[in-house]
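Below: the structure, in structure tokens.
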Amino acid sequence: MNPLSEAGPVPVGTAFLTGVTGQDGSYLAESLLSRGWEVHGLIRDELRPGAHEGETTVDGVEYHVGDLSRPDAVGSILESVKPDLVFNLGGISSVYQSWQHPYDTALISGASVVSMLETTWQLQQATGKEIRFLQASSAELFGEAESAPQSETTPIRPISPYGAAKALAHHTVSVYRSRGMFACSAILYNHESVRRPGKFVTRKITSGAAAIAAGKLDKLSLGNLNAIRDWGWAPDFVDAMVRIIHAPEPDDFVVATGVSHSVQDFVEAAFKAVGIDDWRAVVDVDESLARPTDAAEMRGDISKISSRLGWRPSVDFDALVTAMVRHDQSLLAGK
Ligand code: GDP
């Protein structure tokens, strides 16, 4: 499961990452550093191990404190770092959270991207050196899509504050691309790993199943079990982002596995992995955890990225569930 083993040679330079302590940012930082890149990352506040759940710091990254909701501050950092590559992975990461903080979501995951693109463009014009920009876009752009799988040409019709903010950022990437900038988007479907925070359903299920099997928890409460998602392996998706930013031309690419499963399938697989067949005895459905609107089926069409950039996922659904469950079991065992 080496995230970038297939990605090919990468020229060495300076990369700037927002969201650097998140799941994707930390895997990306590790892989860029291992290839000799200088990596700078934006963090919300001074590093305090354990201060924010699910954050991973990586030795060798140069961290800069800055708030995505303060575009001027982020702009100054960009100007001082003078990167060759910008990966914008930061922002409000959870659709659920975006319903609780719609305005912050619009600001941090939408408007701030507009500002970052403008600063990057101005910096490129001033220095004459190309800066490539990758936006972590999202399948939430497609909202309640009329059909599955969705592709780069599926209409953008968000149904959550998260999707709407991501749509603004996605469209603005196209605007700057038309202006002549190497601006590209990775339209990421759900992607998971042992670094996925517990607020996401996969980690909630795998940690819950491990705890129930160990006798440390009685019940797991979940929301919509019927939602169908295309779950991939985060290190594979990081590999895709590296390929997209090094592609011959800037473009948008769907990054997914092409295979979808329901939340219930995930529950069954996770409980099976811990030896519990009758998962219904230990899982409750709590309507308060359901969302005002929730896309029924998300599944990505990966023909474009496969044919143009030779990318394919390396970890399937069963391997993904098992890896996450085993990790949560070893955490509980104190290993
Ligand atoms: P998202 O697709 O980025 O929002 O990722 P999540 O992992 O948060 O949610 C994936 C799907 O799981 C959505 O359709 C949720 O409605 C569904 N789901 C069902 N129960 C839960 C739950 O207890 N927590 C979360 N986060 N999602 C749940």
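The values are calculated or read from the model by the stated rules, or taken from the named source; none is laboratory data. Quantities reported herein were computed from a predicted structural model and do not represent experimental measurements. Here Cβ is always computed from backbone atoms with ideal geometry, including for glycine, and neighbour counts include all displayed protein chains. Side chains included, ligands, DNA and RNA excluded: accessible areas come from the protein's heavy atoms. Shrake-Rupley method; radii C 1.70, N 1.55, O 1.52, S 1.80 Å.
Summary of values
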read-out	value
Charge dipole (debye, nearest 20) of the chain; +1 at Cβ of Lys and Arg, -1 at Cβ of Asp and Glu	240
For the stretch 184-335, alpha-carbon Rg over 2.2 N^0.38 Å	1.12
FRET efficiency, Ala126 to Ala319 (Cβ-Cβ, R0 51 Å, nearest 0.05)	0.60
Solvent-accessible surface ranking, highest first, for Phe16, Phe200 at 1.4 angstrom	Phe200, Phe16
Positive-end residue of Thr57, Ser314, Ala213, charge dipole of the chain with Cβ unit charges	Thr57
For the stretch 144-160, 3J(HN,Hα) per residue [Karplus equation, 6.51 cos²θ - 1.76 cosθ + 1.60, θ = phi - 60°, Hz, x = Gly/Pro]	7, 5, 6, 8, 10, x, 9, 10, 4, 9, 5, x, 8, 9, x, 10, 9
Largest to smallest principal axis extent of the C-alpha atoms in the stretch 88-245, angstrom	61, 30, 30
Kirkwood Rh and Cα Rg combined as Rg over Rh, evaluated for the chain	0.96
Under 5 Å, built H, 5+ apart or other chain: amide partners of Gly41	Leu17, Glu62, Tyr63, His64
For the stretch 106-191, the fraction of alpha-carbon pairs in successive 10 Å shells from zero, as %	18, 47, 26, 8, 1
Dipole-positive endmost among Ile228, Ala296, Ala240 within the stretch 187-335 (Cβ charges, Cα centre)	Ala240
At most 12 other Cβ within 10 Å, DSSP loop - trypsin sites (Lys or Arg not before Pro), the stretch 209-291	Lys216, Lys219
Added length on full extension, which subtracts the Cα-Cα distance from 0.36 nm per residue, Val65 to Ser288	76.7 nm
GNM result for the chain, Cα springs below 10 Å: residue of Ser160, Ser288, Ser193 fluctuating most strongly	Ser288
Pair Asn226, Glu152: separation of 7 Å Cα→Cβ label points (nm)	3.4
Value of relative contact order over the chain, rounded to a whole percent, pairs C-alpha under 8 Å and six or more apart	18
Loop-located trypsin sites (Lys or Arg not before Pro) in the stretch 159-207, at most 13 other Cβ atoms within 10 Å (DSSP)	Arg179, Lys199
Cross-link pairs Lys166/Lys219; Lys199/Lys219; Lys166/Lys199; Lys82/Lys304 - those with Cα-Cα distance over 26 Å	Lys166/Lys219; Lys82/Lys304
Gain in span if fully extended, Glu144 to Ser94, counting 0.36 nm per residue against the direct Cα distance	16.3 nm
Heavy atoms of Phe266 accessible to a 1.4 Å probe, total area in Å² rounded to 10	0
Sites Val175 and Leu33, calculated FRET efficiency, Cβ-Cβ separation with R0 35 Å, nearest 0.05	0.65
Cα pair distances of the stretch 226-266 binned at 10 Å [whole percent]	27, 40, 24, 9, 0
Cα centre as origin, Lys/Arg/Asp/Glu Cβ charges: the stretch 240-287 dipole, Debye	280
Under-5 Å amide H pairs with Ser185, H placed in peptide plane, nonlocal only	Gln135, Asp251, Asp252, Phe253
Helical mean residue ellipticity (222 nm; -39500 (n - 2.57) per DSSP H run of 4+; nearest 500) of the chain	-11500 deg cm²/dmol
